[in-house]
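In what follows, a single structure is set out as structure tokens and then discussed.
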Amino acid sequence: MIRRIDLRDGIAGAAPDYRTLVPRADFDVEAALHVVRPICDDVRDRGVEAIAQYSAKFDGVTQTDIAVPREAMTEALANLDPDIRAGLGESIRRLRLTCAAELGADVVTDLGPGARVSQRLIPVDRVGLYVPGGLAPLVSSVLMNVVPAQVAGVGSIALSSTPQKAFGGLPHPTILAACELLGIEEVYAVGGAQAIAMFAYGAGPCRRVDLVTGPGNIYTVSAKRLLKGVVGIDSEAGPTEIAILADETAEAAYVAADLISQAEHDPMAASVLVTDSLRLADEVEAELEKQVAATRHVDRVRTALTGEQSGIVLVDDVAQGLEVINAYAAEHTEIQTASSSADAAKVRNAGAVFVGPWAPVSLGDYCAGSNHVLPTAGCACHSSGLSVRSFLRSVHVIEYSRDALAEVADHVVTLADAEDLPGHGAAVNVRFGRP
């Protein structure tokens, strides 16, 4: 079912580039730009009229109003299964705690008498949060977007999710219930690229936003790339991925279940096991055959596991496995080894790291207190997941007295002259009556 990539016994010549040896799914955002550009331009020019046409074309729904009425959200929460409500409540509680802990504070640095630089953390004024509603109603993405924005102090929050034909053209009721539970009153039944354009340009009742966050399919991601000069974006998240570093101490049933859990998201999802144990590799393959046959979304899972983006990577030892893991820079990285904590501390590149057999990625998707909107496609080597900091801007505030400026005035003038920018120096000299 799942292919093997053998990296044992080293590779002759120069140091191997594991990024090319462990391939990913073909997710060509650039190639989709020609599809989303006319959609975004149309929403910019015609607003709600264009959105309604695309909702009819792509989602099969007829819309007269893109705004979700408040009573629909109230009703959705009232009808929500009590167990689901309890799960959402606990997820929100844990996520609020971790968000509050990382919020940070303003920093003041005194560089000398009368010379002070302060760093202020200022929340974004208005954000648009996107929640996918395609293959699955990702209610957890409501929490992961909304909670950090609220904790950051964002004053205006709008949320949009795909209209569902099965629910009268509204987003999935569980998504609406979560919005009501979190106190989000501005919700739109708009999906895909047209939702990103709505946020970027404004349309009908939706005023333009300053920042758009949230995952989506290739067209949503392509629209974010196209419009990131018009509106701020969090990232260009592609198909989900999991990389598990495991040795002979790992439980094959756990490893197989975790690989399947991410394959369940999307036929393009990547599930990668890196191991130095042939026995574990064999046992995981056997478990995959057994567990996939019993899963609900068998076709989707099997497509993902048999795709070129998934595989079992054989390495000589855990040390080499860590090199592979760090080069791959997965969205989700699990460490299931005899020294899980010590090995996890050596992971530099990952969206999130799950340590030991009792911390599956599914925990992070819902109730760990961490955020599951994470960098994909190797971007974890330079980018972070969604957090409170995503909704904050860092602004330096500079306060200098006359004496403090005089202390560095000559340096400023000298450096300005070195860059052939005499006007910069003159802006200092004029304050002291210098020519």
Matching strands (runs of 3 or more DSSP E) fully within region 162-266 where at least 3 residues are closer than 30 Å to Ser277 by Cβ, in contact with an Asp or Glu (Cβ under 8 Å, 6 or more places away or on another chain) and in the same structural domain as Glu283 (by TED's automatic domain parsing): 241-246
Looking only at region 388-435, which residues are in contact (Cβ under 8 Å) with a residue 40 or more places away in the chain, in a helix (DSSP H, G or I) and of a type in the set (S, T, N, Q)? Ser390
List the strands (runs of 3 or more DSSP E) that sit entirely inside region 272-387 and contain at least 3 residues that are of a type in the set (S, T, N, Q), closer than 24 Å to Ile233 by Cα and modelled with pLDDT under 95. none
Need the failing condition index for Leu95 against (1) out of contact with any helix residue (DSSP H, G or I) (no Cβ under 6 Å at 6 or more places or on another chain); (2) buried (at least 16 other Cβ atoms within 10 Å of the Cβ); (3) farther than 30 Å from Ser55 by Cβ, just the number. (1)
Which of the residues belonging to region 1-54 are among the aromatic types (Phe, Trp, Tyr) and more than 21 Å from Leu226 (Cβ to Cβ)? Tyr18
Is there a residue being touching a strand residue (DSSP E or B) at 6+ places or on another chain (Cβ under 9 Å) and either assigned by TED's automatic domain parsing to the domain that holds Pro171 or farther than 22 Å from His372 by Cβ (or both) anywhere in region 86-103? yes
Any idea which of (1) more than 27 Å from Val353 (Cβ to Cβ); (2) surrounded by fewer than 24 Cβ atoms within 10 Å (Cβ to Cβ); (3) modelled with pLDDT of 95 or more is the one Tyr254 doesn't satisfy? (1)
Could you go through region 57-77 and let me know if any residue there is modelled with pLDDT under 95, outside any loop (DSSP other than H, G, I, E, B) and either crowded, with 16+ Cβ neighbours inside 10 Å or not charged (D, E, K, R) (or both). yes
Only one of Ser156, Ser161, Ser141, Ser222 is among the hydroxyl-bearing types (Ser, Thr, Tyr), at pLDDT 95 or above and surrounded by 23 or more Cβ atoms within 10 Å (Cβ to Cβ). Can you tell me which? Ser161
Would you check if there is a residue in region 377-397 being polar (S, T, N, Q) and farther than 30 Å from Ala250 by Cβ? yes
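The values are calculated or read from the model by the stated rules, or taken from the named source; none is laboratory data. Just so you know, these numbers come straight off a predicted model, no measurement behind them. Methodologically, a virtual Cβ is constructed for each residue, glycine included, from the backbone with ideal geometry; neighbour enumeration extends over all protein chains shown.
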